[in-house]
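The values are calculated or read from the model by the stated rules, or taken from the named source; none is laboratory data. None of the values given here were measured: they were computed from a predicted structure. Because the Cβ atoms are built from the backbone with ideal geometry, glycine has one as well, and the counts that use them run over all protein chains shown.
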């Protein structure tokens, strides 16, 4: 889960820091859903549209995650909400977003989006300095709003199909293409590029914990609503995830325009 929208909320780039090689899960999944015997039936078309051949195993992981969330993550997130303000949580989200800017810069370059890459670069430089390490977001105020992407979307631009749906232990919805965000986002963080030290290691773990808790706190009510009203929460989360990814890809394709500062179009005096 990201800091400001549902697409960011499902990110799994933290996985390697927790020692979870989730990009190796796909080949190990044993439980597979059986396709209907004929391809001209409504059941078969629905099976193809779901693109969830590992659904039995995915549902097991969903059940495990749901219990982990119920008894651990949600209470921790609720306690975090109780002792913080919206402003503090927003600043925490800005800080987390700033740490992810180098990865977005690299991905925009790989996608052939130089303007978006420039926006990410300016945001990282401005927010890391004037924004005191990203706690504040002055880059948005001067006309460089947050732009989001990741390696899964980069692969989509390269024509790689999304592949089967995956529900990952701990980190939730993903896919055979999106799961490769894990190694890319891990190695593109500023902490990994800096010289190793004990202080940096502790900082990385602290940032990971903050990311998880701050993100979960933002979605307490939406997740509760889905779980309370959806006939099949697993299918609902699967649908929302795919809609979010499609929307992110469409926004990047449509946003291939300059993002000049707000003052740049003012008439000269």
Inset, instruction - For residue 138, state whether it is within 18 Å of the chain's Cα centre (by Cα) and surrounded by fewer than 22 Cβ atoms within 10 Å (Cβ to Cβ). - result: no
Legend entry - Residue that is surrounded by the most Cβ atoms within 10 Å (Cβ to Cβ) [pool: residues in the range 149-178 that are touching a strand residue (DSSP E or B) at 6+ places or on another chain (Cβ under 7 Å), at pLDDT 90 or above and outside any loop (DSSP other than H, G, I, E, B)]: 174
Inset, instruction - Determine, yes or no, whether residue 259 is modelled with pLDDT under 95, surrounded by 14 or more Cβ atoms within 10 Å (Cβ to Cβ) and assigned to a loop (DSSP other than H, G, I, E, B). - result: yes
Inset, instruction - Could you pull out the residue among 100, 2, 93 that is crowded, with 18+ Cβ neighbours inside 10 Å, under 30 Å from residue 143 (Cβ atoms) and either modelled with pLDDT under 55 or touching a strand residue (DSSP E or B) at 6+ places or on another chain (Cβ under 8 Å) (or both)? - result: 2
Inset, instruction - May I ask you to verify whether residue 190 is modelled with pLDDT under 90 and under 25 Å from residue 235 (Cβ atoms)? - result: no
Inset, instruction - From 116, 94, grab the single residue that is in a helix (DSSP H, G or I) and farther than 20 Å from residue 253 by Cα. - result: 94
Inset, instruction - All but one of (1) free of Cβ contacts under 8 Å to residues at least 40 places away in the same chain; (2) surrounded by fewer than 16 Cβ atoms within 10 Å (Cβ to Cβ); (3) part of a helix (DSSP H, G or I) hold for residue 126, so report the exception by its number. - result: (2)
Inset, instruction - With respect to residue 199, determine if the residue is at pLDDT below 95 and in a helix (DSSP H, G or I). - result: yes
Legend entry - Odd one out for residue 210 among (1) more than 22 Å from residue 81 (Cβ to Cβ); (2) part of a helix (DSSP H, G or I): (1)
Legend entry - Criterion violated by residue 71 - all others in (1) at pLDDT 95 or above; (2) buried (at least 17 other Cβ atoms within 10 Å of the Cβ) satisfied: (2)
Inset, instruction - Go over the candidates 212, 193, 155 one by one and state the one that is under 16 Å from residue 245 (Cβ atoms) and either in contact (Cβ under 8 Å) with a residue 24 or more places away in the chain or in contact with a helix residue (DSSP H, G or I) (Cβ under 8 Å, 6 or more places away or on another chain) (or both). - result: 155
